[in-house]
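Structure first, then comments.
The values are calculated or read from the model by the stated rules, or taken from the named source; none is laboratory data. Values in this document were obtained by computation on a predicted structure and should not be read as measured data. Quick reminder, even Gly has a Cβ in these numbers, built from the backbone with ideal geometry, and neighbours come from all protein chains shown.
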Amino acid sequence: MSQSTISTFQLFAMIPDAETARLYLEARLWPNGVVCPTCSGQDRITTRKNGFYRCNKCKLDFTVRTGTIFERSHVPLHKWIYAMYLMVTARKGISSLQLAKEIGVTQKSAWFMLQRLREACAGNTDKLSGLIEIDETYVGGKESNKHESKKLKMGRGTVGKAVVLGIRERNGRTLAMTVVNTDKGTLQGTILANVETASVILTDEHSAYVGLGDVFLAHETVNHSAGEYQRGFASTNGVESVWALLKRSIYGTWHQVSVKHLDRYVSEVSFRLNAGAVKQHTLARLDSFIDAVDGKRLTYVRLTA
């Protein structure tokens, strides 16, 4: 086995069917034995057939799927694990059409699976600290490329586009999320909610960032409009590389992303840069993904509401 990754052939040898996938998930999600998803008890669990368990305390019949993104899915678990493998190993993600071909489900089912998996990618709410790079970007189609009936006719540039704010620790974690606009209150409120105040903030010269030095340890800027992209340790090159990955994923893989679901796509990109980073072994990335699935159930009704 490679020291840094495993091939699809090796993955299929490890997890060839739904039963081995179930045992693999149980070992990861319940390392100390079966746990009831309702009462978290372990002392009154009865083993039943076909991966089912019964909690005699709260009278619940459950499986390893219960309370996770896999709940009430008819897709076999080994196909779910392969989909997770594809998401963490594909640098620019995977489309629902490609996943449908890979695992033999409909495109609609593959899209629902991917949205559930993206739901699991979000969740680490620990604040960032240290040297923090911050930048914003806009996601949306160009007015000139839209059908005449869909043009907003309100000018060019950022009109009709969604705003995504990126916050990245220098050599550390990345957080990215959609925000309603780029005014001072919105951006600084989001930054305060996600960054420790004993941090050094690095931004461009956007006026919405003015005053961050009064709240955080320090605030350094680079003047992009004057062609300055680095001054000493101050730069936003790291967080801008996140936008490069996000936009190449949209243009090259997903092709079209609605504002309604944009946060999930952004979460996927952030996960691949954090827990799913390529510097970690593929199995470690898979384990991080599996750890994130619990408590993240997403129904089709809620997804499409």
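Brief remarks on what is shown
- So residue 283, is it under 17 Å from residue 173 (Cα atoms), assigned to a helix (DSSP H, G or I) and either outside the structural domain of residue 161 (by TED's automatic domain parsing) or of a type outside the set (Gly, Ala, Ser) (or both): no
- The listed residue being β-branched (Val, Ile, Thr) and either outside any loop (DSSP other than H, G, I, E, B) or over 22 Å from residue 85 (Cβ atoms) (or both), out of 278, 269: 269
- Condition broken by residue 249, with the remaining ones in (1) exposed (fewer than 15 other Cβ atoms within 10 Å of the Cβ); (2) within 21 Å of residue 273 (Cβ to Cβ); (3) of a type in the set (S, T, N, Q) satisfied: (1)
- Yes/no for residue 297 being farther than 25 Å from residue 168 by Cβ and outside any helix (DSSP H, G or I): yes
- Flag for residue 93 being touching a residue at least 60 places away in the same chain (Cβ under 8 Å), within 30 Å of residue 204 (Cβ to Cβ) and in the same structural domain as residue 34 (by TED's automatic domain parsing): yes
- Residue 293 vs. criteria surrounded by fewer than 18 Cβ atoms within 10 Å (Cβ to Cβ) and either at pLDDT below 95 or farther than 25 Å from residue 248 by Cα (or both): no
- In the set 240, 220, only one residue is in a strand (DSSP E or B) and either touching a residue at least 60 places away in the same chain (Cβ under 8 Å) or of a type outside the set (A, V, I, L, M, F, W, C) (or both); that residue is 220.
- Taking each residue of the stretch 10-27 that is free of Cβ contacts under 8 Å to residues at least 60 places away in the same chain and looking for partners that are surrounded by fewer than 16 Cβ atoms within 10 Å (Cβ to Cβ) with beta-carbon atoms closer than 7 Å, six or more apart or interchain, yields 10/1.
- Number of positions in the stretch 187-211 that are free of Cβ contacts under 8 Å to residues at least 40 places away in the same chain, crowded, with 16+ Cβ neighbours inside 10 Å and in contact with a strand residue (DSSP E or B) (Cβ under 9 Å, 6 or more places away or on another chain): 2
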